[in-house]
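One structure is given below, encoded as structure tokens.
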Amino acid sequence: GEKCDAGEPLSPMSRGGEMVYIPDDSDFSSFRDQCESLEGWHCRYNKAGVTVWSQGQEESCTVQKIKTRISCKDVPAETLYDVLHDTSYRKKWDSNMIETYDIGRLTVNADVGYYSWKCPSPLKNRDFVTLRSWLPLGNDYMIINYSVKHPKYPPRKDFVRAVSLQTGYLIKANGDGACTLYYLTQVDPRGSLPKWVVNRVSQFVAPKAMKKIYKAGLKYPEWKRRHDPEYKPWVYPEQNTLPSVSLAELSVQHADSLENIDETGLSEDHLSASDHEA
């Protein structure tokens with residue numbers, strides 16, 4: 001596959017600097033604008049209430065932005081917001097997750113967390129350490145993250161440490177107990193991926209993941225009733241028992257300082273059968 005040497009993409013979240021900072025209202029509103037804007041986005045998939053767009057020169061670039069939207073009837077926005085925050089519920093629906101845990105809290109609406117992700121074979125599994133921040137804004141709820149370095153959580157032998165330049169969710173309430181969910185991600189997966197991966201992500205992986213979140217939203221109220229129904233530290237910060245992390249311990253995770261692996265030679269024929277299910 002061709003490679004692109006356009007220099008390293010900068011996280012919109014790092015403001016081009018080395019300082020890690022906590023997103024403010026202007027970051028959230030520009031994230032919301034990106035989710036809702038159509039300009040410059042190329043529609044890759046549109047079926048059964050799920051749409052997927054991509055942005056970026058498909059032919060040459062390793063970094064792509066992918067955006068997905070799904071309409072979720074019978075799931076109120078605040079329920080979906082809880083689903084996306086609730087790490088103990090995540091094991092129930094996120095079958096790509098290997099492990100996730102919270103590392104520490106920064107402020108009442110920001111923390112640092114770890115997430116590892118099962119990639120379709122023959123690709124190596126990825127993991128992330130990210131600064132996450134969230135904000136309910138009127139009828140909208142947003143959660144955004146970007147990759148950071150934490151001295152106690154260096155890259156591991158068994159994973160490729162990947163870089164989220166900016167990833168997030170926007171949940172818009174539609175009235176009538178329904179909502180629309182947007183998921184936007186700009187990830188540098190480390191190294192050059194073959195072109196079929198982006199295709200596969202937009203045609204199978206993203207739509208399937210969105211449908212899973214929707215189903216998870218339908219089942220959550222019943223599950224939550226039986227599992228610590230009062231416990232929602234993302235809504236009630238006083239319930240948060242995580243150790244404090246200071247911004248000074250963190251630094252921006254640049255992709256170019258990580259191991260660069262080239263998986264462009266891997267062909268789609270190597271995919272295991274289970275990954276072909278749409």
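Numbers at a glance
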read-out: Cβ pairs under 8 Å, 6+ apart, first in region 32-55 and more than 20 Å from Met142 (Cβ to Cβ) and touching a residue at least 60 places away in the same chain (Cβ under 8 Å), second open to solvent by less than 50 Å² (accessible area, probe 1.4 Å) and part of a loop (DSSP other than H, G, I, E, B); value: Ser54/Trp41
read-out: Residues being open to solvent by less than 40 Å² (accessible area, probe 1.4 Å) and either over 20 Å from Thr68 (Cβ atoms) or modelled with pLDDT of 95 or more (or both) - total across region 150-162; value: 4
read-out: Members of region 117-139 found to be open to solvent by less than 10 Å² (accessible area, probe 1.4 Å) and modelled with pLDDT of 95 or more, listed by number; value: Val129, Leu131, Ser133
read-out: Unmet requirement for Thr100, which otherwise passes all of (1) in contact with a helix residue (DSSP H, G or I) (Cβ under 9 Å, 6 or more places away or on another chain); (2) open to solvent by 50 Å² or more (accessible area, probe 1.4 Å); (3) among the polar types (S, T, N, Q); value: (2)
read-out: Pairs where the first residue, in region 114-125, is touching a residue at least 12 places away in the same chain (Cβ under 8 Å) and the second is open to solvent by 50 Å² or more (accessible area, probe 1.4 Å) and aromatic (Phe, Trp, Tyr), C-beta under 9 Å, 6+ apart; value: Tyr114/Tyr101; Tyr114/Tyr153; Tyr115/Tyr101; Asn125/Trp117
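The values are calculated or read from the model by the stated rules, or taken from the named source; none is laboratory data. If you're wondering where the values come from, they're calculated on a predicted model, not measured in any experiment. Counting neighbours? That spans all protein chains shown, and the Cβs are built from the backbone with ideal geometry, glycine included. Please note that ligands, DNA and RNA were not included when accessible areas were found on the heavy atoms of the full protein model with its side chains. Shrake-Rupley method; radii C 1.70, N 1.55, O 1.52, S 1.80 Å.
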